[in-house]
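As C-alpha coordinates, the structure follows; a few thoughts come after it.
The values are calculated or read from the model by the stated rules, or taken from the named source; none is laboratory data. As the structure is a prediction and not an experimental result, all values here were calculated from the model. Backbone-built Cβ (ideal geometry, glycine too); neighbour counts: all protein chains shown. Accessible surface areas use protein heavy atoms only, side chains included; no ligands, DNA or RNA. Shrake-Rupley method; radii C 1.70, N 1.55, O 1.52, S 1.80 Å.
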Amino acid sequence: MTSTASLKPTRPGSRPLLRMLFVSAGVAALLAILLFGFGGVSGTEFSPTHFETRSFRFFEVPWLHIQISPIRRATSQSPTSRFLANKSMIHASRGTATTWHLVTLTRGPLGTTEADAKLLTDQLELYVHHKTNQSDHHWVQWSKNESAKAKVLWPVVQKLAMRELYVLIPRLFTLALDSPDENALQISIDDYLQSNYREFISEMRDAGRPELAAELLREAIADYPNDAKLRAMR
(Lines give C-alpha, C1' and ligand atoms only; values in the text may rest on other atoms or scores of the structure.)
Protein backbone atom coordinates (compact mmCIF):
# COMPACT_ATOMS: atom_id res chain seq x y z
CA MET A 1 0.00 0.00 0.00
CA THR A 2 1.45 3.33 -1.04
CA SER A 3 1.72 5.92 1.66
CA THR A 4 0.05 9.20 0.80
CA ALA A 5 2.37 11.11 3.10
CA SER A 6 5.14 11.13 0.45
CA LEU A 7 2.95 12.69 -2.22
CA LYS A 8 3.24 16.51 -2.62
CA PRO A 9 0.34 17.91 -4.57
CA THR A 10 1.12 20.65 -7.07
CA ARG A 11 -0.27 24.01 -6.11
CA PRO A 12 -3.11 25.09 -8.38
CA GLY A 13 -1.97 27.51 -11.08
CA SER A 14 1.80 26.95 -10.67
CA ARG A 15 2.32 25.34 -14.08
CA PRO A 16 0.52 28.11 -16.06
CA LEU A 17 2.56 30.62 -14.10
CA LEU A 18 5.80 28.88 -15.07
CA ARG A 19 4.69 28.77 -18.68
CA MET A 20 3.95 32.51 -18.60
CA LEU A 21 7.39 33.18 -17.14
CA PHE A 22 9.08 31.11 -19.86
CA VAL A 23 7.05 32.80 -22.58
CA SER A 24 7.81 36.25 -21.16
CA ALA A 25 11.52 35.43 -21.00
CA GLY A 26 11.43 34.22 -24.59
CA VAL A 27 9.63 37.34 -25.78
CA ALA A 28 12.09 39.56 -23.88
CA ALA A 29 15.02 37.70 -25.44
CA LEU A 30 13.50 38.06 -28.91
CA LEU A 31 12.89 41.77 -28.38
CA ALA A 32 16.47 42.21 -27.19
CA ILE A 33 17.77 40.46 -30.30
CA LEU A 34 15.60 42.64 -32.53
CA LEU A 35 16.56 45.80 -30.67
CA PHE A 36 20.31 45.28 -30.62
CA GLY A 37 20.43 43.62 -34.01
CA PHE A 38 18.08 45.91 -35.95
CA GLY A 39 17.34 48.94 -33.75
CA GLY A 40 20.75 50.55 -33.52
CA VAL A 41 21.09 53.91 -35.27
CA SER A 42 24.42 55.69 -35.66
CA GLY A 43 25.99 58.28 -37.89
CA THR A 44 28.00 61.46 -38.23
CA GLU A 45 27.14 65.11 -38.73
CA PHE A 46 29.10 68.19 -39.79
CA SER A 47 28.75 71.76 -38.54
CA PRO A 48 29.62 74.34 -41.23
CA THR A 49 29.66 77.14 -38.66
CA HIS A 50 32.30 75.46 -36.48
CA PHE A 51 33.90 73.02 -38.96
CA GLU A 52 33.36 70.26 -36.41
CA THR A 53 32.19 66.68 -36.82
CA ARG A 54 30.18 64.74 -34.29
CA SER A 55 29.11 61.12 -34.06
CA PHE A 56 25.77 60.01 -32.64
CA ARG A 57 24.15 56.77 -31.59
CA PHE A 58 20.77 55.70 -30.20
CA PHE A 59 18.28 52.85 -30.33
CA GLU A 60 14.82 52.83 -31.85
CA VAL A 61 11.97 50.40 -32.41
CA PRO A 62 12.96 48.61 -35.64
CA TRP A 63 10.99 49.65 -38.72
CA LEU A 64 8.78 52.03 -36.73
CA HIS A 65 11.63 54.54 -36.16
CA ILE A 66 10.44 55.34 -32.63
CA GLN A 67 13.39 56.43 -30.51
CA ILE A 68 13.67 54.52 -27.21
CA SER A 69 17.06 55.58 -25.85
CA PRO A 70 18.87 58.87 -25.33
CA ILE A 71 21.17 60.07 -28.11
CA ARG A 72 24.85 59.81 -27.28
CA ARG A 73 27.06 62.29 -29.10
CA ALA A 74 30.80 62.93 -29.35
CA THR A 75 32.20 66.01 -31.09
CA SER A 76 35.62 66.31 -32.69
CA GLN A 77 37.53 68.58 -35.05
CA SER A 78 39.88 67.33 -37.74
CA PRO A 79 43.47 68.66 -37.89
CA THR A 80 42.58 70.33 -41.18
CA SER A 81 39.62 72.18 -39.67
CA ARG A 82 41.68 73.19 -36.66
CA PHE A 83 44.44 74.55 -38.89
CA LEU A 84 41.99 76.53 -41.02
CA ALA A 85 40.36 78.04 -37.94
CA ASN A 86 43.69 78.94 -36.34
CA LYS A 87 44.85 80.63 -39.55
CA SER A 88 41.50 82.46 -39.95
CA MET A 89 40.93 80.87 -43.36
CA ILE A 90 37.44 79.99 -42.12
CA HIS A 91 35.31 81.68 -39.50
CA ALA A 92 34.83 79.18 -36.69
CA SER A 93 32.00 80.42 -34.49
CA ARG A 94 32.36 80.31 -30.73
CA GLY A 95 30.11 78.48 -28.35
CA THR A 96 28.19 75.29 -29.07
CA ALA A 97 27.28 74.51 -32.66
CA THR A 98 23.56 74.45 -33.38
CA THR A 99 23.66 73.80 -37.14
CA TRP A 100 24.46 70.23 -38.15
CA HIS A 101 24.25 68.57 -41.55
CA LEU A 102 24.07 64.82 -41.95
CA VAL A 103 27.21 63.08 -43.24
CA THR A 104 26.41 59.37 -42.80
CA LEU A 105 23.55 57.35 -41.32
CA THR A 106 23.52 53.67 -40.42
CA ARG A 107 20.35 51.83 -39.37
CA GLY A 108 20.78 48.30 -38.07
CA PRO A 109 22.28 45.88 -40.59
CA LEU A 110 20.93 47.77 -43.60
CA GLY A 111 24.21 49.51 -44.41
CA THR A 112 25.33 53.11 -44.39
CA THR A 113 23.73 55.97 -46.31
CA GLU A 114 25.98 58.87 -47.28
CA ALA A 115 24.74 62.46 -47.43
CA ASP A 116 26.07 65.46 -49.38
CA ALA A 117 28.15 66.83 -46.49
CA LYS A 118 30.49 63.86 -46.90
CA LEU A 119 31.79 65.54 -50.06
CA LEU A 120 33.48 68.05 -47.76
CA THR A 121 34.36 65.93 -44.74
CA ASP A 122 36.21 63.47 -46.97
CA GLN A 123 38.45 66.30 -48.13
CA LEU A 124 39.03 67.57 -44.60
CA GLU A 125 40.23 64.10 -43.61
CA LEU A 126 42.28 63.49 -46.76
CA TYR A 127 45.79 62.23 -46.21
CA VAL A 128 48.76 62.28 -48.58
CA HIS A 129 51.44 59.63 -48.26
CA HIS A 130 55.11 60.35 -48.89
CA LYS A 131 57.87 58.05 -50.06
CA THR A 132 59.29 58.26 -46.53
CA ASN A 133 56.14 56.47 -45.28
CA GLN A 134 55.02 59.64 -43.52
CA SER A 135 51.48 60.94 -43.86
CA ASP A 136 50.22 64.51 -43.78
CA HIS A 137 46.80 66.03 -44.05
CA HIS A 138 46.68 67.02 -47.69
CA TRP A 139 44.84 70.33 -47.43
CA VAL A 140 46.89 71.46 -44.44
CA GLN A 141 50.08 71.10 -46.45
CA TRP A 142 48.52 72.66 -49.53
CA SER A 143 47.18 75.61 -47.55
CA LYS A 144 50.61 76.19 -46.02
CA ASN A 145 52.31 76.06 -49.41
CA GLU A 146 49.59 78.01 -51.25
CA SER A 147 48.40 80.40 -48.57
CA ALA A 148 47.26 83.09 -51.03
CA LYS A 149 45.05 80.66 -52.91
CA ALA A 150 43.89 79.07 -49.66
CA LYS A 151 42.57 82.43 -48.45
CA VAL A 152 40.43 82.54 -51.60
CA LEU A 153 39.29 78.92 -51.49
CA TRP A 154 38.24 78.21 -47.92
CA PRO A 155 35.81 81.09 -47.25
CA VAL A 156 33.90 80.07 -50.37
CA VAL A 157 33.89 76.43 -49.28
CA GLN A 158 32.45 77.39 -45.90
CA LYS A 159 29.81 79.63 -47.47
CA LEU A 160 28.61 76.85 -49.75
CA ALA A 161 28.57 74.41 -46.82
CA MET A 162 26.41 76.77 -44.79
CA ARG A 163 24.01 76.93 -47.73
CA GLU A 164 24.07 73.11 -47.97
CA LEU A 165 25.43 73.34 -51.51
CA TYR A 166 27.98 70.61 -50.91
CA VAL A 167 27.60 69.30 -54.44
CA LEU A 168 29.39 72.41 -55.70
CA ILE A 169 32.41 72.01 -53.42
CA PRO A 170 34.47 69.21 -55.07
CA ARG A 171 34.97 71.28 -58.21
CA LEU A 172 36.41 74.11 -56.11
CA PHE A 173 39.26 71.89 -54.95
CA THR A 174 40.07 70.99 -58.55
CA LEU A 175 40.08 74.66 -59.52
CA ALA A 176 42.36 75.43 -56.57
CA LEU A 177 44.88 72.84 -57.68
CA ASP A 178 44.76 73.87 -61.34
CA SER A 179 44.83 77.67 -60.98
CA PRO A 180 48.29 79.28 -61.24
CA ASP A 181 47.60 82.00 -58.65
CA GLU A 182 44.94 83.49 -56.39
CA ASN A 183 43.61 85.91 -59.03
CA ALA A 184 43.07 83.16 -61.56
CA LEU A 185 41.44 81.04 -58.85
CA GLN A 186 39.01 83.81 -57.90
CA ILE A 187 37.99 84.29 -61.54
CA SER A 188 37.51 80.54 -62.04
CA ILE A 189 35.44 80.21 -58.88
CA ASP A 190 33.23 83.18 -59.78
CA ASP A 191 32.58 81.89 -63.31
CA TYR A 192 31.82 78.41 -62.00
CA LEU A 193 29.45 79.52 -59.24
CA GLN A 194 27.56 82.10 -61.29
CA SER A 195 26.89 79.50 -63.97
CA ASN A 196 25.79 76.86 -61.47
CA TYR A 197 23.63 79.24 -59.47
CA ARG A 198 21.67 80.09 -62.60
CA GLU A 199 21.34 76.41 -63.49
CA PHE A 200 20.22 75.39 -59.99
CA ILE A 201 17.64 78.17 -59.79
CA SER A 202 16.12 77.12 -63.11
CA GLU A 203 16.05 73.46 -62.03
CA MET A 204 14.33 74.30 -58.74
CA ARG A 205 11.69 76.32 -60.53
CA ASP A 206 11.09 73.52 -63.01
CA ALA A 207 10.79 71.07 -60.12
CA GLY A 208 8.07 73.16 -58.49
CA ARG A 209 10.21 74.48 -55.63
CA PRO A 210 9.86 78.26 -56.05
CA GLU A 211 10.70 79.11 -52.42
CA LEU A 212 14.09 77.37 -52.57
CA ALA A 213 14.74 78.94 -55.96
CA ALA A 214 13.94 82.40 -54.60
CA GLU A 215 16.21 81.90 -51.56
CA LEU A 216 19.11 80.74 -53.71
CA LEU A 217 18.55 83.63 -56.12
CA ARG A 218 18.74 86.12 -53.25
CA GLU A 219 22.00 84.59 -52.05
CA ALA A 220 23.46 84.49 -55.55
CA ILE A 221 22.62 88.13 -56.26
CA ALA A 222 24.10 89.11 -52.87
CA ASP A 223 27.35 87.45 -53.97
CA TYR A 224 27.25 88.69 -57.57
CA PRO A 225 25.15 91.89 -57.74
CA ASN A 226 26.58 92.78 -61.16
CA ASP A 227 25.55 89.53 -62.82
CA ALA A 228 22.91 90.69 -65.31
CA LYS A 229 21.73 87.14 -65.99
CA LEU A 230 21.05 86.54 -62.32
CA ARG A 231 19.22 89.85 -61.94
CA ALA A 232 17.08 88.99 -64.95
CA MET A 233 15.89 85.87 -63.14
CA ARG A 234 14.15 87.87 -60.42
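Data overview
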{"read-out": "Top-ranked residue in the range 223-234 [being open to solvent by less than 80 Å² (accessible area, probe 1.4 Å) and not in a loop (DSSP other than H, G, I, E, B); ranked as farthest from Ser202 (Cα to Cα)]", "value": "Asp223"}
{"read-out": "From the options Lys149, Lys144, Lys159, Lys118, residue that is of a type in the set (D, E, K, R) and open to solvent by less than 20 Å² (accessible area, probe 1.4 Å)", "value": "Lys149"}
{"read-out": "Residue that is nearest to the chain's Cα centre (by Cα) [pool: residues in the range 189-218 that are open to solvent by 40 Å² or more (accessible area, probe 1.4 Å) and among the hydroxyl-bearing types (Ser, Thr, Tyr)]", "value": "Tyr192"}
{"read-out": "Pick from the range 167-188, criterion open to solvent by 40 Å² or more (accessible area, probe 1.4 Å) and farther than 19 Å from Ala148 by Cα, ranking: farthest from the chain's Cα centre (by Cα)", "value": "Pro170"}
{"read-out": "Those residues of the range 56-91 which are closer than 19 Å to Gly40 by Cα and among the hydrophobic types (A, V, I, L, M, F, W, C), in sequence order", "value": "Phe56, Phe58, Phe59, Val61, Trp63, Leu64, Ile66, Ile68, Ile71, Ala74"}
{"read-out": "Hits in the range 105-146 (condition: more than 20 Å from Arg73 (Cα to Cα), assigned to a loop (DSSP other than H, G, I, E, B) and at pLDDT 95 or above)", "value": "Asp116, Glu146"}
{"read-out": "Hits in the range 78-95 (condition: surrounded by fewer than 17 Cβ atoms within 10 Å (Cβ to Cβ), outside any helix (DSSP H, G or I) and touching a residue at least 24 places away in the same chain (Cβ under 8 Å))", "value": "Lys87, His91, Ser93"}
{"read-out": "Out of Thr75, Thr98, Thr112, Thr104, sole residue that is more than 18 Å from Gln141 (Cβ to Cβ), under 15 Å from the mean Cα position of the chain (by Cα) and open to solvent by less than 60 Å² (accessible area, probe 1.4 Å)", "value": "Thr104"}
{"read-out": "Residues being among the β-branched types (Val, Ile, Thr) and in contact with an Asp or Glu (Cβ under 7 Å, 6 or more places away or on another chain) - total across the range 144-181", "value": "2"}
{"read-out": "Residue in the range 51-62 that is in a loop (DSSP other than H, G, I, E, B), of a type outside the set (A, V, I, L, M), open to solvent by 40 Å² or more (accessible area, probe 1.4 Å) and modelled with pLDDT under 95 present", "value": "no"}
{"read-out": "His65 being within 23 Å of Pro170 (Cα to Cα), modelled with pLDDT of 80 or more and not small (Gly, Ala, Ser)", "value": "no"}
